[in-house]
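Each remark here refers to the structure printed beneath this line.
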């Protein structure tokens with residue numbers, strides 16, 4: 001590919017559309033898809049991916065914080081439901097009304113405050129009840145203890161409960177033992193709440209690995225996050241059979257090429273010393289761009305279709321690679337940082353990091369280019 005800038009993360013919208021279709025085909029009849037696009041759509045950019053998701057018929061979205069909901073509205077999502085999966089700070093609750101966002105509610109006190117604000121605004125505002133079934137994160141405790149506080153919330157005049165959710169801690173485990181325990185706790189809680197006369201229109205629990213591995217977790221809706229972007233949330237042996245494709249690749253170019261003699265130290269701290277005459281290419285990307293410093297003396301890039309190992313430490317804005325085996329390397333050659341043999345999954349394995357972490361680290365100073 002031709003690259004007319006220092007670096008760019010390329011977002012392949014055809015792969016995104018194919019992934020959405022793949023996921024939609026897995027859903028039971030009547031089960032809706034909530035697209036989770038928190039973390040700026042896992043680093044892919046909310047504004048850039050929204051048109052593709054809209055064209056695919058997605059009408060429900062989930063983000064972590066209200067600022068992401070605002071960005072989705074500003075991207076053109078006018079009528080869609082936008083759920084917040086995280087906390088909204090008390091002093092910012094008014095943003096829920098401005099941007100028409102559905103907050104996760106996990107305390108009566110917060111619900112009462114939202115009710116007061118809704119009363120002042122002259123509206124009835126939707127809320128989504130969070131239930132903790134084993135993640136030990138936000139949520140009312142599962143079981144009988146959840147009924148009384150949820151009843152109080154249901155009696156508030158300017159709130160409307162539109163759903164209830166929980167989050168699985170170990171849905172990536174193929175045996176499903178932990179997932180089924182959480183699912184059972186959720187269903188038991190929901191039954192108790194409904195027996196108390198409280199309506200819960202939308203039950204949603206399945207996350208990305210549950211969608212792939214555990215059909216029984218598909219209730220009224222599922223929450224697909226990293227799988228939308230082809231990010232592997234399950235065992236690597238299972239992943240190839242899913243047919244899902246990574247949506248992001250990352251590229252830069254060679255800034256300089258030089259030949260140095262044996263015994264030359266490379267980079268900060270002299271952590272690499274050449275053993276022979278070595279041809280070195282300088283790459284104009286570093287950890288300020290989100291390229292992990294842990295790749296120092298460990299990772300590699302691809303130039304002219306061949307691997308070039310990283311030598312020395314990754315700097316804030318640059319790093320060096322050995323191109324002795326790629327003798328034609330010259331300034332301007334395209335460098336593949338992510339894509340091909342160094343896939344997102346391959347880098348996550350190399351660094352022992354989560355795939356979501358890899359793409360979320362790609363910083364804002366790396367432009368996103370959207371291609372079909």
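Can you tell me which residue among 312, 269, 340 is assigned by TED's automatic domain parsing to the domain that holds residue 252, in contact with a strand residue (DSSP E or B) (Cβ under 6 Å, 6 or more places away or on another chain) and surrounded by fewer than 14 Cβ atoms within 10 Å (Cβ to Cβ)? I'd like the intermediate steps shown before the answer.
Values: 312 fails: surrounded by fewer than 14 Cβ atoms within 10 Å (Cβ to Cβ); 269 fails: in contact with a strand residue (DSSP E or B) (Cβ under 6 Å, 6 or more places away or on another chain).
Matching residue, one of 312, 269, 340: 340.
Among the residues of the range 312-333, is there at least one that is closer than 15 Å to residue 9 by Cα and either part of a loop (DSSP other than H, G, I, E, B) or more than 18 Å from the chain's Cα centre (by Cα) (or both)? Within the range 312-333, not a single residue is closer than 15 Å to residue 9 by Cα and either part of a loop (DSSP other than H, G, I, E, B) or more than 18 Å from the chain's Cα centre (by Cα) (or both). When the range 21-44 is filtered for residues that are under 12 Å from residue 230 (Cβ atoms) and either out of contact with any strand residue (DSSP E or B) (no Cβ under 8 Å at 6 or more places or on another chain) or assigned to a loop (DSSP other than H, G, I, E, B) (or both), the ones remaining, listed by number, are 22, 42, 44. Would you check which residues across the range 55-66 are outside any loop (DSSP other than H, G, I, E, B) and either free of Cβ contacts under 8 Å to residues at least 24 places away in the same chain or buried (at least 18 other Cβ atoms within 10 Å of the Cβ) (or both) and list them? 60, 61, 62, 63, 66 - these are the residues of the range 55-66 that are outside any loop (DSSP other than H, G, I, E, B) and either free of Cβ contacts under 8 Å to residues at least 24 places away in the same chain or buried (at least 18 other Cβ atoms within 10 Å of the Cβ) (or both). Within the range 170-209, the residues that satisfy the criterion of being without any contact (Cβ under 8 Å) to a residue 24 or more places away in the chain and part of a helix (DSSP H, G or I) are 177, 184, 187, 191, 194, 195.
Looking only at residues of the range 272-289 that are touching a strand residue (DSSP E or B) at 6+ places or on another chain (Cβ under 9 Å) and in a loop (DSSP other than H, G, I, E, B), we find that the one that is surrounded by the fewest Cβ atoms within 10 Å (Cβ to Cβ) is 277.
Residue check: residue 236 meets all listed conditions (1) over 24 Å from the mean Cα position of the chain (by Cα); (2) in contact (Cβ under 8 Å) with a residue 24 or more places away in the chain; (3) surrounded by fewer than 17 Cβ atoms within 10 Å (Cβ to Cβ) but one, namely (1). Taking the conditions (1) part of a helix (DSSP H, G or I); (2) out of contact with any strand residue (DSSP E or B) (no Cβ under 6 Å at 6 or more places or on another chain) in turn, residue 48 satisfies each one other than (2).
On the given criteria, is residue 272 in contact (Cβ under 8 Å) with a residue 12 or more places away in the chain and farther than 18 Å from residue 257 by Cβ?
Spelling it out, it is not the case that residue 272 is in contact (Cβ under 8 Å) with a residue 12 or more places away in the chain and farther than 18 Å from residue 257 by Cβ.
Can you tell me which residue is nearest to residue 137 (Cα to Cα) among those in the range 89-108 that are assigned to a loop (DSSP other than H, G, I, E, B) and in contact with a strand residue (DSSP E or B) (Cβ under 9 Å, 6 or more places away or on another chain)?
Once the filter is applied, the top-ranked residue is 106.
Inspection of the range 349-357 finds a residue satisfying the criterion of being in contact with a helix residue (DSSP H, G or I) (Cβ under 7 Å, 6 or more places away or on another chain), assigned by TED's automatic domain parsing to the domain that holds residue 263 and in contact (Cβ under 8 Å) with a residue 60 or more places away in the chain. Look at (1) within 20 Å of residue 83 (Cβ to Cβ); (2) over 18 Å from the mean Cα position of the chain (by Cα); (3) surrounded by fewer than 22 Cβ atoms within 10 Å (Cβ to Cβ) and you find that residue 164 fails only one, number (3).
The values are calculated or read from the model by the stated rules, or taken from the named source; none is laboratory data. Everything numeric in this text was worked out from a predicted model, so none of it was measured. Virtual Cβ from ideal backbone geometry, glycine too; neighbours counted across all protein chains shown.
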